Amino acid sequence: MNPLLSVTGLRKNYGLVEVLKGMDFEVTAGEKIALIGPSGSGKSTCLLCLNFLEKPNAGEIHLDGERIGVKLGRAMSDRQLAPQRAEMGMVFQLFNLWPHLSVTENVAIAARKVRGLSAREAHELALEMLAKVHMTHRADASPLELSGGQQQRVAIARALAQKPKLMLFDEPTSALDPELVHEVLKVMEELAAEGRTMLIVTHEIAFARDIADRVMFLDGGTIVEQGPARELILSPREARTQAFLKQIR
Ligand code: ADP
Ligand code: MG
């Protein structure tokens, strides 16, 4: 089967500093991949490069056979990139909901802008996505009235409303109070069970072990080791992976 996402030779520098030093990996449709690694190893940069929120310096990214960010050998404009970006639903550490819009409007706006749905269709889709993240009861609330865990679940619904082919999560629970982490992980677990394709940057190692099909360990801008989640987490082969896992447990 052709991979849904294929990344080859991905490099990124900030000034003189090379942050991604040539990453190669593939993601099959339906696969859940956890990307782990120390702070500063390039995890966030990698996710941002996938949809050209940061422009890679070298390498190719293909989603469903289509090259991201480059058309006929030329860099695509933001306007040309918009439909490609819509295929990847991003969830960040900080949720960035619009405070002046209701929960439903926050989700509907994604569907309207990105997928060009009518106001009515977008509203219906928003309610459907809010049900998935168990937020129907706060559909009319302002994001300001919600807990961090609830806001993050709304942010997940917003990403889902783009109808993406791939979900990208960047430490979605890192900014949450500990007692709120579980409700967000539970929603992610339910999405995983639906067969969605997910690439998840996380420090929740137990979650990665239980949910991910595969774990990739990134250090210093290279994939040091990757393998089946349980195998890599329980018995890592590389010294750097062993040291990292020991330290965060
Ligand atoms: P991680 O998400 O694994 O913690 P990042 O991808 O955020 O790592 O960062 C990788 C490296 O790139 C770090 O050394 C960081 O300081 C640097 N970096 C990240 N973003 C920028 C930026 N916009 N400008 C300059 N350096 C950056
Ligand atoms: Mg990061």
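Using amide H atoms built 1.01 Å from N in the peptide plane, name the residues 5+ places from Met23, or on other chains, whose amide H lies under 5 Å from its own.
Result for Met23 returns Gly9, Leu10, Arg11.
With the contact rule set at Cα under 8 Å and sequence spacing of 6 or more, what percent relative contact order holds for the chain?
Value for the chain: 25 percent.
Would you kindly state how much longer the chain becomes between Leu144 and Glu66 on full extension, computed as 0.36 nm times their sequence separation minus their alpha carbon distance, in nm to one decimal?
Additional length available on full extension: 24.2 nm.
Among Leu199, Leu234, Leu35, which one shows the highest mean-square fluctuation when the chain is modelled as a Gaussian network with alpha-carbon springs under 10 Å?
Comparing Leu199, Leu234, Leu35 in a Gaussian network model of the chain, the most mobile one is Leu234.
Tabulate in residue order the Karplus-calculated ³J(HN,Hα) for the range 239-244, using 6.51 cos²θ - 1.76 cosθ + 1.60 with θ = phi - 60°, rounded to whole Hz; enter x for Gly and Pro.
4, 5, 5, 4, 4, 5
Taking 0.36 nm per residue of separation and subtracting the Cα-Cα distance, what length does fully extending Leu53 through Arg209 add?
53.3 nm
From the backbone phi of the range 124-141, what are the Karplus-calculated ³J(HN,Hα) couplings (6.51 cos²θ - 1.76 cosθ + 1.60, θ = phi - 60°) in whole Hz, Gly and Pro given as x?
Whole-Hz 3J(HN,Hα) from phi for the range 124-141: 5, 4, 4, 5, 5, 6, 5, 5, 4, 9, 6, 10, 3, 5, 10, 4, 9, 6.
Which whole-number percent is the relative contact order of the range 81-150 (Cα, under 8 Å, 6+ apart)?
Numbers: 52 pairs, mean separation 25.6, N = 70.
About 37 percent, as a whole number.
From the helices alone, meaning DSSP H stretches of at least four residues, give me the mean residue ellipticity at 222 nm for the chain, per-run term -39500 (n - 2.57), in deg cm²/dmol to the nearest 500.
Result for the chain, helices only: -11500 deg cm²/dmol.
Are there any GluC sites (Glu not before Pro) in the range 189-249 that are in a DSSP loop and have at most 15 other Cβ atoms within 10 Å? List them by number.
Filter output for the range 189-249: Glu194, Glu238.
One quarter of the convex hull surface, Cα atoms only: what value does that give for the range 103-188 in nm²?
5.4
Using θ = phi - 60° and the Karplus curve 6.51 cos²θ - 1.76 cosθ + 1.60, what whole-Hz ³J(HN,Hα) does each residue of the range 63-72 get, with Gly and Pro shown as x?
10, 6, x, 9, 5, 8, x, 9, 10, 6
Using a cut-off of 28 Å between alpha-carbon atoms, which lysines can reach Lys165, once sequence neighbours fewer than 8 places away in the same chain are excluded?
Lys12, Lys21, Lys32, Lys43, Lys55, Lys71, Lys113, Lys132, Lys186
Each value in this text was obtained by applying a stated rule to the coordinates, not by laboratory testing. This one's a predicted model, so the numbers in the text were calculated from it and none came from an experiment. Methodologically, a virtual Cβ is constructed for each residue, glycine included, from the backbone with ideal geometry; neighbour enumeration extends over all protein chains shown.
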